[in-house]
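The values are calculated or read from the model by the stated rules, or taken from the named source; none is laboratory data. In this text the structure is predicted, and so the values were computed from the model without any measurement. Reconstructed Cβ throughout: ideal geometry from the backbone, glycine too, with neighbour counts over all protein chains shown. All accessible areas refer to the heavy atoms of the entire protein, side chains included, with ligands and DNA or RNA removed. Shrake-Rupley method; radii C 1.70, N 1.55, O 1.52, S 1.80 Å.
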Amino acid sequence: MAAVTRKFTMTQKFHRRRSRRQPYPVRTIKTRSQGMASGCFFERLPAEVFDMVLDRLSVLEISVFSMVSKAISRYIVNHISTQTWRNRMILQKLHNCSSPSSPPKEDPATLGHYKGLGLLFKRCTLLLPTKDRLKFIYSKFSQVPCFMMEQCTASTGCPFFSSYGVFLQTLIAGWDELECHRVFNFLCDFTNLPRKIELVVTGKPGACQRLELQIRGFCRQVLLEPWSSRRDTLFWLTRILQSWPMVSQARLLFILYGPRLPDGSLGWQEQLGAGVAQCSLWDLAKAVILLHSDLEARDWTTDTVLAILEELTVLPQVWHVESVARLLILCGNSLCYSILASKALNGRLFEISRLLVYLILVCEKDGYCMNWSVRMVQQVCQVFLSPSDRWSFIQSIENMFSEVTMEMYEVVMAGNRHEDMETFQSLLNASAHFHTEIVYMFLKKD
């Protein structure tokens, strides 16, 4: 059998190679805190040397340095928590700018220092909840005697209040309203402010002079005055007043913004006479205007502000009508008209006439335009609907002019005081100028 010869064509055998691609190099990104943990320059420094570095920096520079990493921020928090740092950077600044017997002076360098402290504490506690931030601050300021108010040794005022106000304003700048509510509640618990206010608003005016001045200084310099925005100031003022009844609100407003005597005490009795200065009532008027300007607040309507004004003008006794008139003029047209219109609607014609006469007198004495008082009388006259009521109103004003003139004449004749003679002359001039404006107004219409 013939052998079958098979011919095969030799083909080249290819082996499929598996490509083994090298993986792309993985780029690892390390944060600054991870770099610090893995070993950085500051971590390799001995703790004593790092403390020396921090001691060389200003408070503002430390606050910027605290934002480098979490590790550095943690170390700075531990550094500022030491008693040595607190004594050097917080406590030593107190009562250095004025003696205990003289009024406090606001040192720009001290205020700048506490503003830097505010930034430092703001940045160090940036990642903490509001409650924990406040607790941390409390732990650092709890040993400050001035902040506890009754432990402060300053007699007429404490320079630390202004410094702490700058600190607090810097710390909570940008916080929302809910967080600011928490701050106020925390401060009330920390300083026992509600209990102190209760003592002064329920007691006899002037009985606790020292406590009155401390409440005035703390509330104004820490909570109210550091803010440049009227809305912010209004927020803190309403927080202070809101939890008290109307009579106590009026008393507290006087404690915060009432006039002060040369010895620094509150002038509770100043308004009972006619010689109160215009400037002494200006702060009180601005506070009333601020409360009246909040159109969105439900708790501070026009009627509420008018009721507080009524309570205010009988503290501690009924004010002299000239003092009431001067305060109303400073409060502006809207509030002044609202008070007069309210009395007109309630039929208190005698009170309106007497108050209008003294408004005219204050315009003459303080240099206001007499045309303002004429227009105010016109506006109040429109409240009376019938012509007979308007005629009775005009007659009441003229009769009151005669009555007040006779009263002042008898005072001048009974004594020999130069002030009484000047007031009497001012009243005569006021009457002449007022009636001249009225006659001119009618002639101008014709």
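A few remarks follow.
- Close pairs from segment 108-119: first closer than 11 Å to Ser58 by Cβ, partner basic (Lys, Arg), Cβ under 8 Å, at least 6 apart: His113/Lys93
- When residues of segment 64-97 are limited to those that are assigned to a loop (DSSP other than H, G, I, E, B) and open to solvent by 20 Å² or more (accessible area, probe 1.4 Å), the one modelled with the lowest pLDDT: Cys97
- For segment 41-63, a residue qualifies if it is assigned to a loop (DSSP other than H, G, I, E, B) and farther than 21 Å from Gly118 by Cα, and the qualifying residues are Leu45, Pro46.
- Counting the residues of segment 337-353 that are in a helix (DSSP H, G or I) and open to solvent by 50 Å² or more (accessible area, probe 1.4 Å) gives 5.
- Conditions (1) surrounded by 21 or more Cβ atoms within 10 Å (Cβ to Cβ); (2) not in a loop (DSSP other than H, G, I, E, B); number of the one not met by Pro226: (2)
- Residue in segment 129-136 that is over 29 Å from Leu45 (Cβ atoms), modelled with pLDDT under 75 and open to solvent by 30 Å² or more (accessible area, probe 1.4 Å) present: no
- Hey, Gln271 closer than 18 Å to Leu312 by Cα, at pLDDT below 90 and assigned to a helix (DSSP H, G or I) or not: yes
- Some residue of segment 316-324 being among the small types (Gly, Ala, Ser), over 26 Å from Gly217 (Cβ atoms) and modelled with pLDDT of 90 or more: no
- Where helices (runs of 4 or more DSSP H) fall entirely within segment 354-446, those with at least 2 residues that are open to solvent by 60 Å² or more (accessible area, probe 1.4 Å) and under 24 Å from Cys331 (Cβ atoms) are at 370-381.
- Looking across segment 246-279 at every residue that is in contact with a helix residue (DSSP H, G or I) (Cβ under 7 Å, 6 or more places away or on another chain) and aromatic (Phe, Trp, Tyr), the one that is least open to solvent (accessible area, probe 1.4 Å) is identified as Phe254.
- Long-range neighbours under 7 Å by Cβ, at least six apart or interchain, first residue in contact (Cβ under 8 Å) with a residue 60 or more places away in the chain within segment 134-146, second assigned to a helix (DSSP H, G or I) and of a type in the set (D, E, K, R): Lys140/Arg86
Table: residues versus (1) assigned to a loop (DSSP other than H, G, I, E, B); (2) in contact with a Phe, Trp or Tyr (Cβ under 9 Å, 6 or more places away or on another chain); (3) surrounded by 15 or more Cβ atoms within 10 Å (Cβ to Cβ).
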site: Val183; (1), (2), (3): no, yes, yes
site: Cys188; (1), (2), (3): no, no, yes
site: Ile197; (1), (2), (3): no, yes, yes
site: Val200; (1), (2), (3): no, no, yes
site: Gly206; (1), (2), (3): yes, yes, no
site: Arg210; (1), (2), (3): no, no, no
site: Leu213; (1), (2), (3): no, no, yes
site: Arg216; (1), (2), (3): no, yes, yes
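- With respect to the conditions (1) at pLDDT 70 or above; (2) under 18 Å from Arg210 (Cβ atoms), Met149 falls short on a single one, namely (1).
- Within segment 331-349, no residue that is more than 15 Å from Gln382 (Cα to Cα) sits with its Cβ atom under 7 Å from a residue that is of a type in the set (Ser, Thr, Tyr) and surrounded by 14 or more Cβ atoms within 10 Å (Cβ to Cβ) at 6+ positions apart or across chains.
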